[in-house]
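A.B. asks: This is the structure, below, for whatever I ask next.
The values are calculated or read from the model by the stated rules, or taken from the named source; none is laboratory data. The structure presented is a predicted model; accordingly, all values stated were derived computationally and were not measured. Every residue, glycine among them, receives a Cβ derived from its backbone with ideal geometry; neighbour counts consider all protein chains shown. Keep in mind that these areas ignore ligands, DNA and RNA; they rest on the heavy atoms of the full protein, side chains included. Shrake-Rupley method; radii C 1.70, N 1.55, O 1.52, S 1.80 Å.
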Amino acid sequence: MTIVGLGVPAVRRPDPGADRAHPRHASGDLVDTHGRTARDLRVSLTDRCNLRCHYCMPPEGLPWMERTAQLGDDEVVRLVTVAVRDLGVREVRFTGGEPLLRKGLEDIVAATAALRTPAGDPVRTSLTTNGIGLARRAEGLARAGLRRVNVSLDTLDARRFAAITRRDRLDDVLAGARAAQEAGLAPVKVNAVLLRGTNDDEAPALLRWALREGYRLRFIEQMPLDPHGTWQRSDMITGEEILGALGAAFTLTPQPDGSRGAAPAETWAVDDGAGLSGTVGVIASVTRPFCGDCDRTRLTADGQVRTCLFSTGETDLRDRMRAGASDAELAATWRAAMWGKLPGHDIDDPGFLHPTRPMSSIGG
Ligand code: SAM
Ligand code: SF4
């Protein structure tokens, strides 16, 4: 299997659809040849992180992006502005790496929250974070205009947390999620990845905790985005296994078809028969892919458009911007990239190619 990430800078291959000069890309939304329109922009603000989750980063970290390679705050805001004003994007989620490590985060959020879509609506803003340091920053982020956060947490057991993330910081994460809720960054969504033999017995306990705290829990199937390329399908805890474990402790009722839309999570109403009820989501990206409804476009911290988490190519906006491209030219390049978005990720296909960047560098 291909070794990615470790010591290997992201390889830039042009996206197949990036036929830049074509007039059909001169105006309009981010449409592709499979009938999808991208409305949801994921912006990675850094590839660095203060945790070392086993499935995401090696203990020594990764060869980090050079500071000069990374977009500056003004450059991020300019590209987000182009996306919202000219390309039909309505929702912007900041991620990483760990986006709370980005010093200019509050300023970037404030500038994004001030944007309006062509219909005059505010942009929906959110942040995906490991929660460390969020307790101190939640209020400021809310004041800057952030609407919601997703906090990643795979276990409620401090020893397991330290084993999975290689850092003893469970209390910081719990405090961060609570502070976000209190600051009104709600509903707080909690993302959990279950790992065979590590925390795969914890699904009901995580759900009980989330329901009591008023958080929306979503389980995510582990995807082949680890830096070592060691992901094995047989090791992954499938959505079906997760639902089996939850079904033993809760009554699960699928939410009506259509409630999912472009959202990756399939949602179930849950009830433990003893007064605890709410919902749970399962993001079964591998076993039940939702590519046909995907409405995402991605921007890496070094200014590359990715049409998909699993893209093997990307389209440069940073160098074009630094070479003096106009907003209209940047928008046309972005449209052309999205035009070439492939129909799906083909993880189950024997010819599946591991992306050339690990998850922490793409932005999860
Ligand atoms: N550091 C932030 C965090 O952990 O929330 C943001 C970036 S992280 C890459 C975003 C999400 O991706 C986290 O919920 C993490 O658990 C998830 N993730 C990382 N590697 C993954 C993988 N190989 N498969 C599935 N989810 C993964
Ligand atoms: Fe860091 Fe998030 Fe990756 Fe964990 S999943 S190492 S918190 S980027």
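A.B. asks: R13 - would you say it is basic (K, R), at pLDDT 80 or above and out of contact with any His (no Cβ under 9 Å at 6 or more places or on another chain)? Explain how you work it out, then say what you get.
C.D. replies: Details: basic (K, R): yes; at pLDDT 80 or above: no; out of contact with any His (no Cβ under 9 Å at 6 or more places or on another chain): yes.
In short, no.
Condition check ((1) outside any loop (DSSP other than H, G, I, E, B); (2) surrounded by 16 or more Cβ atoms within 10 Å (Cβ to Cβ); (3) modelled with pLDDT of 85 or more) across all residues:
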site	(1), (2), (3)
G275	no, no, yes
V286	no, yes, yes
V305	yes, yes, yes
C308	no, yes, yes
D346	no, no, no
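A.B. asks: Could you give every pair whose Cβ atoms fall below 8 Å, whose first residue belongs to the range 313-334 and is without any contact (Cβ under 8 Å) to a residue 60 or more places away in the chain, and whose second residue is among the polar types (S, T, N, Q), counting only separations of at least 6 or pairs across chains?
C.D. replies: Going by the 8 Å Cβ cut-off, the qualifying pairs are R320/T333; A325/T333.
A.B. asks: Filter the range 154-169 down to the residues that are under 21 Å from the mean Cα position of the chain (by Cα) and either surrounded by fewer than 20 Cβ atoms within 10 Å (Cβ to Cβ) or near ligand 2 (Cβ under 10 Å from one of its atoms) (or both) and list them by number.
C.D. replies: Taking the range 154-169 as the starting set, the residues that turn out to be under 21 Å from the mean Cα position of the chain (by Cα) are 154-155, 161, 164-165.
Those that are under 21 Å from the mean Cα position of the chain (by Cα) and either surrounded by fewer than 20 Cβ atoms within 10 Å (Cβ to Cβ) or near ligand 2 (Cβ under 10 Å from one of its atoms) (or both): D154, I164, T165.
A.B. asks: Scan (1) surrounded by fewer than 21 Cβ atoms within 10 Å (Cβ to Cβ); (2) more than 14 Å from ligand 2 (Cβ to nearest atom) for the single condition D172 breaks and write down its number.
C.D. replies: Of everything listed in (1) surrounded by fewer than 21 Cβ atoms within 10 Å (Cβ to Cβ); (2) more than 14 Å from ligand 2 (Cβ to nearest atom), D172 misses just condition (2).
A.B. asks: Look through the range 199-236, keep the residues that are polar (S, T, N, Q) and at pLDDT below 95, and return whichever of them is farthest from ligand 2 (Cβ to nearest atom).
C.D. replies: So the first thing to find is which residues in the range 199-236 are polar (S, T, N, Q), and the list is 199, 222, 230, 232, 234.
Still in the running and at pLDDT below 95: 222, 230, 232, 234.
Working: Q222: 11, T230: 15, Q232: 19, S234: 22 Å.
By that ranking, first place goes to S234.
Residues checked against (1) of a type outside the set (A, V, I, L, M); (2) more than 16 Å from ligand 2 (Cβ to nearest atom); (3) open to solvent by less than 50 Å² (accessible area, probe 1.4 Å); (4) under 27 Å from A323 (Cα atoms):
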residue: A69; (1), (2), (3), (4): no, yes, yes, yes
residue: E139; (1), (2), (3), (4): yes, yes, no, no
residue: R147; (1), (2), (3), (4): yes, yes, no, no
residue: N150; (1), (2), (3), (4): yes, no, yes, no
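A.B. asks: Same structure, new question: Please find, within the range 210-235, the residue that is most open to solvent (accessible area, probe 1.4 Å) out of those that are in a helix (DSSP H, G or I) and among the small types (G, A, S).
C.D. replies: Just the residues of the range 210-235 that are in a helix (DSSP H, G or I), to begin with: 210-213, 233-235.
The next check asks that each one be among the small types (G, A, S); those that pass are 210, 234.
Numbers: A210: 1, S234: 86 Å².
The residue in question is S234.
A.B. asks: Name, by its number, the condition in (1) touching a residue at least 60 places away in the same chain (Cβ under 8 Å); (2) aliphatic (A, V, I, L, M); (3) in a helix (DSSP H, G or I); (4) within 13 Å of ligand 1 (Cβ to nearest atom) that does not hold for L207.
C.D. replies: (4)
A.B. asks: Would you mention how many residues in the range 292-303 are open to solvent by less than 30 Å² (accessible area, probe 1.4 Å) and either not in a loop (DSSP other than H, G, I, E, B) or not charged (D, E, K, R) (or both)?
C.D. replies: Residues in the range 292-303 being open to solvent by less than 30 Å² (accessible area, probe 1.4 Å) and either not in a loop (DSSP other than H, G, I, E, B) or not charged (D, E, K, R) (or both): 8 in total.
A.B. asks: Would you please name the residue that is nearest to T95 (Cα to Cα), looking only at residues in the range 262-306 that are polar (S, T, N, Q) and within 13 Å of the chain's Cα centre (by Cα)?
C.D. replies: Start the filter on the range 262-306 by keeping residues that are polar (S, T, N, Q), which leaves 267, 277, 279, 285, 287, 297, 300, 304.
Then drop every residue that is not within 13 Å of the chain's Cα centre (by Cα), which leaves 285, 297, 300.
Working: S285: 18, T297: 13, T300: 9 Å.
It comes out as T300.
A.B. asks: So, in the range 175-204, exactly how many residues are free of Cβ contacts under 8 Å to residues at least 12 places away in the same chain and part of a helix (DSSP H, G or I)?
C.D. replies: Going through the range 175-204, the residues free of Cβ contacts under 8 Å to residues at least 12 places away in the same chain turn out to be 197.
With the extra rule that they be part of a helix (DSSP H, G or I), the set shrinks to none.
Residues that pass the stated criteria total 0.
A.B. asks: Of the residues in the range 186-198, how many are in contact with a Leu (Cβ under 9 Å, 6 or more places away or on another chain) and modelled with pLDDT under 95?
C.D. replies: Number of matching residues: 0.
A.B. asks: Kindly evaluate E98 against the criterion of being more than 10 Å from ligand 1 (Cβ to nearest atom) and without any contact (Cβ under 8 Å) to a residue 60 or more places away in the chain.
C.D. replies: no
A.B. asks: What are the residues in the range 21-62 that are within 15 Å of ligand 2 (Cβ to nearest atom), open to solvent by 60 Å² or more (accessible area, probe 1.4 Å) and in contact (Cβ under 8 Å) with a residue 40 or more places away in the chain, if any? So that I can check it myself, show each step before the final result.
C.D. replies: Taking the range 21-62 first, the residues within 15 Å of ligand 2 (Cβ to nearest atom) are 42-62.
Add one more test, that the residue is open to solvent by 60 Å² or more (accessible area, probe 1.4 Å), and what stays is 54, 59-60.
Residues satisfying the conditions are H54, P59.
A.B. asks: Need the failing condition index for G324 against (1) closer than 26 Å to D86 by Cα; (2) modelled with pLDDT of 95 or more; (3) touching a Leu at 6+ places or on another chain (Cβ under 8 Å); (4) not in a helix (DSSP H, G or I), just the number.
C.D. replies: G324 satisfies all of (1) closer than 26 Å to D86 by Cα; (2) modelled with pLDDT of 95 or more; (3) touching a Leu at 6+ places or on another chain (Cβ under 8 Å); (4) not in a helix (DSSP H, G or I) except (3).
A.B. asks: I need the full set of residues from the range 89-114 which are more than 16 Å from ligand 2 (Cβ to nearest atom), among the hydrophobic types (A, V, I, L, M, F, W, C) and either surrounded by 19 or more Cβ atoms within 10 Å (Cβ to Cβ) or closer than 24 Å to D47 by Cα (or both), in order please. So that I can check it myself, show each step before the final result.
C.D. replies: Taking the range 89-114 as the starting set, the residues that turn out to be more than 16 Å from ligand 2 (Cβ to nearest atom) are 89-92, 103-104, 106-114.
Next, only the ones that are among the hydrophobic types (A, V, I, L, M, F, W, C) stay: 89, 92, 108-111, 113-114.
Hits for the range 89-114 are V89, V92, I108, V109, A110, A111, A113.
A.B. asks: Based on what the data block shows, is T238 open to solvent by 20 Å² or more (accessible area, probe 1.4 Å) and within 16 Å of ligand 1 (Cβ to nearest atom)?
C.D. replies: Working: open to solvent by 20 Å² or more (accessible area, probe 1.4 Å): yes; within 16 Å of ligand 1 (Cβ to nearest atom): yes.
For T238, the condition - open to solvent by 20 Å² or more (accessible area, probe 1.4 Å) and within 16 Å of ligand 1 (Cβ to nearest atom) - is met.
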